[in-house]
Amino acid sequence: MKILIIEDDSNKMRRISSEVRDIDENIILTKARSYQSGVRNLMSEQYDFLLLDMTLPIFDISNDEDGYQVDPFSGRNILEEMNRKKVLVPTVVITMFETFGEGNDLMTLDELDSDLAEKFPLIYRGIIYYNSSEVNWKNSLRKKIKEVI
């Protein structure tokens, strides 16, 4: 099974990767850290499952690049691109935020979940609230991955 993780937070990426490997050591993990590198991976390789952060920088952050800006809805934009290009990879959003956007665009985690389920019924498989001090996210992640395996 090939899984792509699109996540910009190094600690969160490390913990998610470790948890996925504990589920099945034969899982092949690919990691991307921004909207751009995530879309590039999705369009160039075939994956069985996607773990997607919602709030991401546009470009990878490096010594030469600051990522341009962080978009609170980069994950939704990736889902839109997948939908447009018919990349039907089962996707779970895993986020450590409870609200997204500002002003009129402000959404709660539950509102975002409902919005994504309605707009992307062929690929969206749910949302996991990641809290590094709790274990609920681990149990939810295991359950979601086992549904796909």
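Bear in mind these aren't lab numbers, they're just calculated from the coordinates by the rules spelled out. All of these numbers come straight from a predicted model, not from anything done at the bench. Cβ placement follows ideal geometry from the backbone for every residue including glycine, while neighbour counts extend to all protein chains displayed.
Worth a mention:
- Cβ-based charge dipole, the chain, positive-most Cα from Met96, Ser17, Leu52: Ser17
- Longest site-free stretch - the chain; sites: trypsin sites (Lys or Arg not before Pro), DSSP loop, at most 14 other Cβ within 10 Å: 1-84
- GNM remark for the chain: springs join alpha carbons under 10 Å apart, and the peak mean-square fluctuation among Leu106, Leu29, Leu79 falls on Leu106.
- Anchor Lys85: lysines whose Cα lies under 27 Å away (excluding residues fewer than 8 positions away in-chain): Lys2, Lys31, Lys119, Lys144, Lys146
- Percentage, to the nearest whole number, of Cα pairs in the chain over 22 Å apart: 35 percent
- Here the dipole of the chain is about 720 debye; that uses its Cα centre as origin and unit charges on the Cβ of Lys and Arg (positive) and Asp and Glu (negative).
- In this structure the amide hydrogen of Val89, modeled in the peptide plane, comes within under 5 Å of no amide hydrogen from residues 5 or more places off or on another chain.
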